[in-house]
1. Mind checking the dipole of the chain: about its Cα centre, +1 per Lys or Arg Cβ, -1 per Asp or Glu Cβ, Debye to the nearest 20?
2. Say we join alpha carbon atoms closer than 10 Å with springs in a Gaussian network model of the chain; which of Ser208, Ser345, Ser313 then has the biggest fluctuation?
3. Got a sec? Charge dipole of the chain, +1 on Cβ for Lys and Arg, -1 for Asp and Glu; which of Leu366, Gln276, Leu198 is way out at the positive end?
4. Using protein chains only and a probe of 1.4 angstrom, how many square angstrom of Ile361 are accessible, to the nearest 10?
5. In region 68-222, how does Rg compare with the Kirkwood Rh, expressed as the Rg/Rh ratio over alpha carbon atoms?
6. What percentage of the solvent-accessible surface of the chain, computed with a 1.4 Å probe over protein heavy atoms, is contributed by carbon and sulfur atoms?
7. If the elastic network links every pair of Cα atoms under 10 Å, which of Ala244, Ala203, Ala179 fluctuates the most in the Gaussian network model of the chain?
8. What is the spread of the Cα atoms of region 249-336 along each of their three principal axes, largest first, in whole Å?
Amino acid sequence: MNDTPNNAPDDAPSNAPNDAPHNRYDDKCSYRRNPDLLLEWAEGGGPVLVDCRRWRKFTAKPALVDLLNQLDQPQTADQLHDRWQDSAPGSDVRKLLARLTTAGILQRRDPDDPGSTWAGPGGDDGWTPYELAVHARSGNGPVPDAGQGTPPPARLHHPEADAVIALPDGSDAPSRPLADVLASRRSVRAYAPEPVPLPLLAALLARSARVRGHLPPRAYEQTQRPAPSGGARHSLEIYLLARAVEGLTGGAYHYDPFAHTLHRLSPWTGELAALQQRTVTDLALLDSPPPVSLYLASCAARTGWKYEGMALSLIYRDTGCLMQTLSLAATDLGLASCLTGRMESPAAAPFLPPPHRDRLIHVGSLALGLPTGRPPTPSVDPLDN
């Protein structure tokens, strides 16, 4: 069996008489499809099986695809012979199953062997085949023709905004030594009932995401910001769900990091409350909704233009960098915060108009408020020497 991408495995059953000797061991064994397989279509070709763990590809004929469909649940050779339409009388299904198992397309289990178990999707490490595929593909770098044409702009506009709020620059907000901030950072799940002061919120956004300038060449739309980003493309947009901010009408806002302004997209509604509930309150196990939450969304085309083929991997890394920056900046300013990582797909934010809703992907959220007092010191077991 040839497992190179441009060659098909011999997936048709043999027409030889079924009188060849076989090991009775094979009659007891069950077979199933390797859960790390994905089915995709090759450019200019037919279906291709991808073993996402070992990153091997097999051109798949329809008969093989049908066989794998039958083996979604474990089957013995005799059971498969009765069910599989391409298993003609006299064909040696056992030989075919043995070959496919050797190739890694199937898995085999012997019920009499106590050490024989099915490997779950991703084996013992918990990876899904989709995650394995993304990881493997990202390691290859961008496709050769990435970066062609006009790059998407680095600034996202919301012309439908009904108000623009200029934010204070935050330069007079308090700050502490970095070592103290790192030692003090905590995920806090209880917030004071008082609204968050707008100057502190403005300082948080300025210290975490404000654009400091353009990087050459200007045609590439690269910007300098506090949090790092692959290729300085900075695909992430920050949306503010303001339930209780001092000096700010409740609602949904988009942060413009170029002008350091908030653009109001929606008043506070039941839909916004529901969005905050499912993206922050429930996930962070909060007793009540936070005064503020941030909804992080990626304009993926920015990163994809330069890094097509590995863009999603970079966007996730950028998200981690921005989340850490937001968390540390909040700690520095005396704000309490808690990150949540579940993502809505597709983005279901009610404040996003259809053009943006179709192009943006939700990548995470942040709960924010004033602390109820001095955060309790967590119980941490000391390291063993």
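The values are calculated or read from the model by the stated rules, or taken from the named source; none is laboratory data. Since we're looking at a predicted model, the values are computed, not measured. Using ideal geometry, Cβ is built from the backbone for each residue, glycine included, and neighbour counts are taken over all protein chains shown. Side chains are part of the model used for accessible areas, which takes the heavy atoms of the whole protein and leaves out ligands, DNA and RNA. Shrake-Rupley method; radii C 1.70, N 1.55, O 1.52, S 1.80 Å.
1. 1000 debye
2. Ser345
3. Leu198
4. Result for Ile361: roughly 60 Å² accessible.
5. My calculation puts Rg/Rh at 1.23.
6. For the chain, the apolar C and S fraction of the accessible surface comes to 52 percent.
7. Ala179
8. The principal-axis extents, from largest down, are 40, 27, 26 Å.
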